[in-house]
Structures are given as structure tokens and as C-alpha cells.
Amino acid sequence: MDKSEKDSILELYPDKPVVYGPYVRSDNQRKMLVLCDVDKKNCITPLLARVRLEIKLGRRLVGDETVDHHDEDRTNDDPDNLRLLPKGENSRKSLTGNTYSLGRAVPVEERRYGQSNKMAKLSDDQVLDFRRRYSSGEVTKQQIQEETGMVEKSVRSLLYGDTYSHLPCTVNRPKSGRPKSK
């Protein structure tokens, strides 16, 4: 961060004259700043993208305003890539491609399944391989969880065809319910 950008931050946040960062978050690789008061007792941690858009606009964001990355790469904090959107619209944009978007059903022709859904964690080939290996006894649900980092419910949904339903499913769902007493 250069001196002019730091000066612009100090103009936008005059009550936070101590600026640290940017730091890269380990969970999502997004950059953030730490802005503190003189005593370093009252700090905030805005995303660098938010601060850069505020500098571009010459004011702080208010109400339901949020930052949108035009190229959809949330690590690209170039000011030319950032634009202002209402939170609802930004949420809808980020959920496009899922079956549901903010509680409304997405029309069938707009739905994206498997690896064509940008929220997908696995490719279609990986899913088919897990299903094949599980049905042949080569791998357990626990091993799939460890390999993918997915929770048990997600692994079950993947194996039994609740998710990636567009792919053939060779795994039989276990019968539910308790055995009948005699």
C-alpha cells in the first residue's frame, strides 16, 4: 500500500489513525486491514476491497451498500474491478447457479449442476469415482470425509445422489427405520 492510499484511508477514517496491513486471511485468501484508534483499543478489520471502493467513491459505504468484484475474483482488489451494489443484488449475483437464490426457485433452464455450479467443491469425475469406490467397498464414508474435508451429511448426499443428481448413482441407500419387534 502506498502513502497516498494510506492518506486516503486516514481521510475516510479520521478516528482510526493507526493502519496495519493489508493481511491475507487464511480461510479465503482475501486481504483485510486493521484500523485502530490512537490507544489501539478500538480496532476494526475492513476488507481491503471495501476500503479501496470507499476511496474510489470518496466516501464510506452506508446502509445496504456492498462491494462487488466485477470479474468475480474476490482476491482481485484492483479499484477498477470494484463496484457498488446493494447487498441483496450482490447476494443474488453470488448465488446465481444454485437451485435456490434467496429463497426463490431458480428456473430450471438457469440451474447449474455438479461442476458447472460455481459453488461445487468436486468435479463430476471425482463424484463418480467416490461412488464407484464406495459401492465396491474400497473406501468408507469416513475416508471420503477425510479426503474431501466434507461433513458426513454432505458425503451421504453425494453418495446417494441427493447432490450431483445429474450423474448416475450406483450406491444403494440403506433402508431406514427400526427393525420390527416380534
Taking other Cβ within 10 Å of each residue's Cβ, how do LYS31, LYS6 sort, fewest first?
-> LYS6, LYS31
Gain in span if fully extended, ARG132 to GLN145, counting 0.36 nm per residue against the direct Cα distance = 3.1 nm
Please give the contour-minus-distance gain from ARG60 to THR170: 0.36 nm per residue of separation, less the Cα-Cα distance, rounded to one decimal in nm.
-> 34.2 nm
Please find the FRET efficiency linking ASN76 to ASP2, where r is the Cβ-Cβ separation and R0 is fixed at 25 Å, and quote it to the nearest 0.05.
-> 0.90
What ³J(HN,Hα) values, in whole Hz, does the Karplus curve 6.51 cos²θ - 1.76 cosθ + 1.60 give for region 20-32 when θ = phi - 60°, with x put for Gly and Pro?
-> 10, x, x, 10, 9, 6, 6, 6, 9, 6, 8, 8, 9
Please count, across region 21-89, the pairs of lysine residues with Cα atoms under 25 Å apart that sit 8 or more places apart or on different chains.
-> 5
Normalised by the number of residues in region 3-86, what is the relative contact order in percent for Cα pairs under 8 Å and 6+ residues apart?
-> 22 percent
In order over region 141-151: 3J(HN,Hα) from phi, Karplus 6.51/-1.76/1.60, θ = phi - 60°, whole Hz, x for each Gly or Pro, gives 4, 4, 5, 5, 4, 5, 5, 9, x, 8, 7
Rank the residues TYR160, TYR20 as a footprinting-exposure proxy: fewest other Cβ atoms within 10 Å of their Cβ go first.
-> TYR20, TYR160
Can you check what the net charge comes to around ASN42, using other residues whose Cβ is under 13 Å from the Cβ of ASN42 (Lys, Arg +1; Asp, Glu -1)?
-> 0
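The numbers here are math on the coordinates, done by the rules we state, and not lab data. Keep in mind it's a predicted model, so treat the numbers as computed, not measured. As a convention, Cβ positions derive from the backbone with ideal geometry for all residues, glycine included, and neighbour counts pool all protein chains shown.
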